[in-house]
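Read-outs: derived from the displayed coordinates by stated rules, not from any lab. Note that the structure is a prediction, hence the values are computed from the model and not measured.
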Amino acid sequence: MRYQISGKQIDIGTALQSHVQTEIEAVMGKHPFRPTDALVVFSKDAHEFACETVVHLSTGLTVQARAKATEIYAAFDAANDKMEKQLRRYKRRLKDHHRDRANPVEQLGASSYILAAADDEGESEPESLQPMIIAEMQTTIPSLSVGEAVMQMELAGAPVLVFRNERQDTGVNIVYRRDDGNIGWIDPNSTP
């Protein structure tokens, strides 16, 4: 497994790097998943350290966890514990997902844009309805079933997931977490 361990404006020592590798291997060793690579990013937020951990599995799914603590090791350990809890929670579904798939999840390429936020300081009407693009990136859209998309959204801790519905081959679908705690699913090609 490949590791990328870095810090945003903080130095990451070799002791922390070996601790991260050892602990991630221990968590992944408890489960029958084949991780391909791990990305761990540390940052400092006021008096706390933040740790974001992302592990990509060979099936194409991603497990992601974030945590904060006053000590850098404690921040990683909390994120690692969250990741282990997610893996335990979805172990049966992930195994079934892997068994059903002969090939990894298909990924479609797409463009992703970051738009400038609206400036409400004294300006009553915008000059144009066209938003200002401040960044353009490449992203991927996975081809998943609805159940797999919900599981992936929860594993990543994301509020929304855009995916291609592989069961219906109906194009792009969206699953999202609603304010009432339930999951919403938008299928543009389905009419009630």
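Overview of results
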quantity	calculated
q = 0.14, 0.15, 0.31 Å⁻¹, the range 133-190: log10 I(q)/I(0) [Debye, one scatterer per Cα]	-0.40, -0.45, -1.28
Which listed pairs, of LYS30/LYS91; LYS8/LYS68; LYS68/LYS91, have C-alpha distances above 20 Å, in listed order	LYS68/LYS91
Full-stretch length increase - ARG178, ARG2 - with 0.36 nm per residue and alpha-carbon distance subtracted	59.8 nm
Bridge type composition, the range 2-98 - antiparallel percent by DSSP, nearest 5	70
Shape of the range 2-98, Cα gyration tensor, a/c cut at 1.5	prolate
